[in-house]
Each structure stands twice: as structure tokens, then as C-alpha cells.
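Q: First, the structure itself, so that you have it in front of you.
The values are calculated or read from the model by the stated rules, or taken from the named source; none is laboratory data. As the structure is a prediction and not an experimental result, all values here were calculated from the model. All Cβ positions, glycine included, derive from the backbone under ideal geometry; neighbour counts span all protein chains shown. For accessibility, only protein heavy atoms count, side chains too; no ligands or nucleic acids. Shrake-Rupley method; radii C 1.70, N 1.55, O 1.52, S 1.80 Å.
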Amino acid sequence: MHAWPASEVPALPGTGRDLRIHDTATDGRVTLTPGPVARIYVCGITPYDATHMGHAATYNAFDLVQRVWLDTKRQVHYVQNVTDVDDPLLERAVRDGIDWTGLAERETALFREDMTALRMLPPKQYIGAVEAIPGIVPLVERLRDAGAAYDLDGDVYFSVESDPHFGEVSHYDAEVMRALSAERGGDPERPGKKNPLDPMLWMAAREGEPSWDGGSLGRGRPGWHIECVAIALDHLGMGFDVQGGGSDLVFPHHEMGASHAQALTGEHPFAKTYVHAGMVGLDGEKMSKSKGNLVFVSALRRQGADPAAIRLALLAHHYRADWEWTDQVLRDAEERLANWRAAVSRPDGLPADALLEEVREALADDLDSPAALAAVDRWAAAQQADGGADESAPGLVSRTVDALLGVAL
Ligand code: 5CA
Ligand code: ZN
């Protein structure tokens, strides 16, 4: 699959700081010190509906991670998937009486447009589950041959007991795992499984559903977690720097993915750091396609919202917080954007070198984007009140905001 066009990241004077970020697996803060090429995998959308503000908030968090890395003069190898075949997508296509491939293509195209408008950096590889199938099949065969997977009426399950590190991403107890597994695509009640938590690696072809040649596995389609593992191992390898997603992916998705990869390779860890963004809600509930309580990025754009304001609305919340979308959030962001634009449109201004360092420090401190916005607010207010004679200041502020926050003034 192709990704979307990259917006240019302006160069800034000096060098950024190493990112200190919350790691789910150790439940503590770690300082990331990747090599010259930082490696990140972020779980992509299941394209059966348009990008909502919750998705956008999660992708914004991982865009900031990359911007901090770029500012430390590292390159970034970013990989993202598209879950373009899965139960919810197939169910939606049946409900709406449309072809599932057309639905996936349409929503993925809209996602690309939204990401471009929001100036999210594109992944180097953007890979669909369907195109990953030829790489997934041999991995499942290997797991089965190693005794880490077993057959149940033609479906193939992963045995969580095959990974001694199982549980070390989420640290949830068995009861919580069981409840989350049932809620998020697992089938803990199915009889015949070795462990109720065991997730499916390969689903035998079902009547009326798409299926692919699975070699010795028979016709079928891949499970969800092995999809991301196959793509990440193919392009990034074991021990990449960050796996990212929303907090709803901690269990089972990222726990199971880590165990699949660790059982496959005998190496640990799959990702060095697991980073999770909070959930965006609407009217007291998590925004989700299945609940239908959604505010779409594309709808806001159609209504005339400036993408830069949408992005500022995301940045006004700390990435780990759970927060609620309201119309006021966008109005506040629009006001902030207008203030910033007015401040940088003056021909000269207050020196901004200290501001650059404040923004750098705020982002390095667990991506504290609200603190970064507050620093720019202070500069803009002082600039409007007193002005200054530094001709390079407005340009430096624009470049800082563009390079580090992805906002074009
Ligand atoms: N295709 C899988 C990942 S492999 C998936 O979870 N797709 S998704 O479309 O449901 O979500 C895409 C990304 O947005 C995931 O990282 C998910 O954690 C995140 N996300 C979904 N809903 C919200 C929300 N309400 N708030 C914040 N992030 C969300
Ligand atoms: Zn994933």
C-alpha cells in the first residue's frame, strides 16, 4: 500500500533532547536512546469507518515521538499497518450491503487525506493485512512446528504458555485478561482451547467470507495479532524502539503480539518500549466505531475547520490522559491558532531561542504538549503586548511550531 505525502520538517538550530516517556511494560519512565535510525511501529486503523478524533489523538502522540527523534538528528524508520481484513470490517460490509474491499479502500483513502491534512509524518512502510498474508503463513507454520500453536477444528491457536514472558506488557491478572479478551476480539469461552486466553493465529475459511491459501494451514485468513507481528518483524526486526497504539491495545493486542514474536524468535523483547495513548471520549463514553459516538476529522474539515486548529485541539491534551471531545475544545484551539498567527505575522519580535528550548524540554518530558502550547502562548502574549526587535524571531517560532508540533502557522 502507499502511504501519504510527507510535509517537510524544518531544521531547527541546536539539537533536541532525548525523550523520556512512559513505558507500559515497566509502568515507569524510560529515556529512549535509539541508534541513528530509530524504529517505531504504530498500529494502524481497521478501515470500516472514517478517522475519528480518538484515532487522530493517538497518531498525534506518535507523530510527536518522531518529531522529537528528528530534532535529535536521528532518522526514523516508521511502520504502520492497515487491518484491511477482520471481523468488524466484514460485518460492516455485510450490514451496508457493500463489497468489503471497496469499503476498506475508501476508508483508507480518507484516512490518508486526514493524516495529510493534519501533517502527520507518513510511515516508510504502510502495509495492509491482506498483502502481509504470504509472510504470515510461514510464521504460523513455524509456531505450530515449534509446539507454540495448535489446531482446533481447522483453526490454529497460539499457546500463551509457550512464551515465558507472557503477561509482561500489561501485567494484568488472569481475570482482567479474560474479560478484555472477550471484549476485544478474543474467544475465551470457546471449548477445546488449552488456555481460554489463547488467541487465533489462523482462521479456517468460513462460508461467505474471504479466504486465502494458507499452505499447510489450509485456506483461511490471519488472526489480528500475528498481522502486526509479521509486518513489524519483516520491516523492523526484533527489539525495535517503540510499539505504539491506544491504551485499548495494551491487552490483548500488544501482549499477544509480544508473545508471538518472542515465541517465534526465542528473543526478548519484541519492542523495547510500549507506549499507549489515552482514550478520547464523547458524551461520557470512549469514542468507538462500534458504539457510533464519533466525531470525524473529515467531517470537521468539511465544515470548514482548519486542520491546524484540529491539530492544536489534540495537542492541548496530554497524550496519556483520557479526555472528552467537545465543540469548545475546537473553539479554544481556533482562538489559540489565531493568536499565534497574529503574533508571528509581525515583521520582528521577541527573541525566541528560549521558547525553542522550552518546547523541546516540554516534549522530551513524556510528550507534555500542553506545556509546549503554554510556552508558545506566553511568547505570543508577550509579543503582542511589547513586541521586540528580533527580525528572526517570528520565523523561528513558526519553524519551531511546525517542526516539533506539526502545526503550520
Ligand atoms: N487495526 C487495529 C490495530 S492493529 C485497530 O485497533 N484499529 S482501530 O481503527 O480500532 O484503531 C486505530 C488506532 O486508534 C489504535 O491505535 C487504537 O488504539 C486507537 N483508538 C481507537 N479508538 C480510540 C479512542 N477513542 N481514543 C484514542 N485512540 C483510539
Ligand atoms: Zn496492531
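Q: Residue by residue, what Karplus-based ³J(HN,Hα) values in Hz, rounded to whole numbers, does segment 326-331 have, using 6.51, -1.76 and 1.60 with θ = phi - 60° and x for Gly and Pro?
A: For segment 326-331, the Karplus-derived couplings read 9, 4, 4, 4, 6, 4 Hz, x marking Gly and Pro.
Q: Next question. Quick one: 3J(HN,Hα) in Hz for segment 62-72, Karplus 6.51/-1.76/1.60 with θ = phi - 60°, rounded, Gly and Pro as x.
A: These are the phi-based 3J(HN,Hα) values: 7, 5, 5, 3, 5, 5, 5, 4, 4, 5, 8 Hz.
Q: Another one. In whole Å, what are the extents of segment 305-405 along the principal axes defined by its C-alpha atoms, from largest to smallest?
A: The Cα atoms of segment 305-405 stretch 41, 28, 20 Å along their principal axes.
Q: If a/c stays under 1.5 just call it rounded; otherwise compare a/b with b/c (prolate if a/b is bigger, oblate if not). Do that for segment 52-174, with a ≥ b ≥ c from the square roots of the Cα gyration tensor eigenvalues. Numbers along the way, then the final one.
A: Working: a/c = 2.03, a/b = 1.25, b/c = 1.63.
Taking the square roots of the gyration eigenvalues as a ≥ b ≥ c, segment 52-174 is oblate.
Q: Accessible area per residue, 1.4 Å probe, Å², for segment 20-277: what's the number? Show your work: numbers first, answer last.
A: Numbers: 9500 Å² over 258 residues.
So segment 20-277 comes to 37 Å² accessible per residue, rounded to a whole number.
Q: Under 1.5 on a/c is rounded, so check that first for segment 1-40, then, if it is not, pick prolate when a/b is larger than b/c and oblate when it is not; a ≥ b ≥ c are the square roots of the alpha carbon gyration tensor eigenvalues. All intermediate terms of the calculation are to be shown ahead of the outcome.
A: Values: a/c = 2.59, a/b = 1.37, b/c = 1.88.
Because a/c hits 1.5 or more and a/b fails to exceed b/c, segment 1-40 counts as oblate.
Q: Next up: Check which residues have an amide H placed less than 5 Å from Gly246's amide H, if you skip close sequence neighbours.
A: Ala277
Q: What share of Cα pairs, in percent, lie more than 17 angstrom apart in segment 252-326? Write down the numbers at each step before the final one.
A: Values: 1711 of 2775 pairs.
Roughly 62 percent, once rounded to a whole number.
Q: Still on this structure: What does the charge add up to near Gly387, with Lys and Arg as +1, Asp and Glu as -1, over the other residues with Cβ less than 9 Å from its Cβ?
A: On the way: positive: Arg346; negative: Asp348, Asp386.
Every neighbour counted, the sum reads -1.
Q: Also: Which whole-number percent is the relative contact order of the chain (Cα, under 8 Å, 6+ apart)? Intermediate values should be presented prior to the final figure.
A: Values: 744 pairs, mean separation 84.9, N = 409.
Relative contact order of the chain: 21 percent.
Q: Give me the net charge of Thr400's neighbourhood, meaning all other residues with Cβ under 13 Å from the Cβ of Thr400; Lys, Arg count +1, Asp, Glu -1. Each step should come with its number before you reach the end.
A: Details: positive: Arg67, Arg360, Arg399; negative: Asp71, Asp353, Glu357, Glu358, Glu361, Asp402.
Its environment carries a net charge of -3.
Q: Can you give the convex hull volume of the alpha carbon atoms of segment 20-277 per residue, in Å³? Show your work: numbers first, answer last.
A: Numbers: hull volume 31.3 nm³, N = 258.
Output value, Cα hull per residue: 121 Å³.
Q: Roughly how big is segment 305-405's charge dipole about its Cα centre, with Cβ charges of +1 (Lys, Arg) and -1 (Asp, Glu), in debye to the nearest 20? Before the final figure, lay out the partial values.
A: Details: 9 positive and 20 negative charges, 49 e Å.
Computed about the Cα centre, the dipole is about 240 debye.
Q: Separate question: Out of residues 5 or more away from Asp368 or on other chains, whose amide H comes under 5 Å of its own, with H placed 1.01 Å from N in the peptide plane?
A: Leu363
Q: Quick one: 3J(HN,Hα) in Hz for segment 397-403, Karplus 6.51/-1.76/1.60 with θ = phi - 60°, rounded, Gly and Pro as x.
A: Once rounded to whole Hz, the list reads 5, 4, 5, 4, 5, 6, 5.
Q: Taking amide H atoms as placed 1.01 Å from N in the peptide plane, list the residues 5 or more away in sequence, or in a different chain, whose amide H sits under 5 Å from that of Ile127.
A: Amide H to amide H, under 5 Å and 5 or more residues apart or across chains, Ile127 pairs with Gln80, Asn81, Val82.
Q: Right, another one. Measure off, as a whole percent, the carbon and sulfur share of the 1.4 Å-probe accessible area of the chain, all protein chains present. Could you put the intermediate results ahead of the total?
A: Working: 8040 of 16110 Å².
Here it works out to 50 percent.
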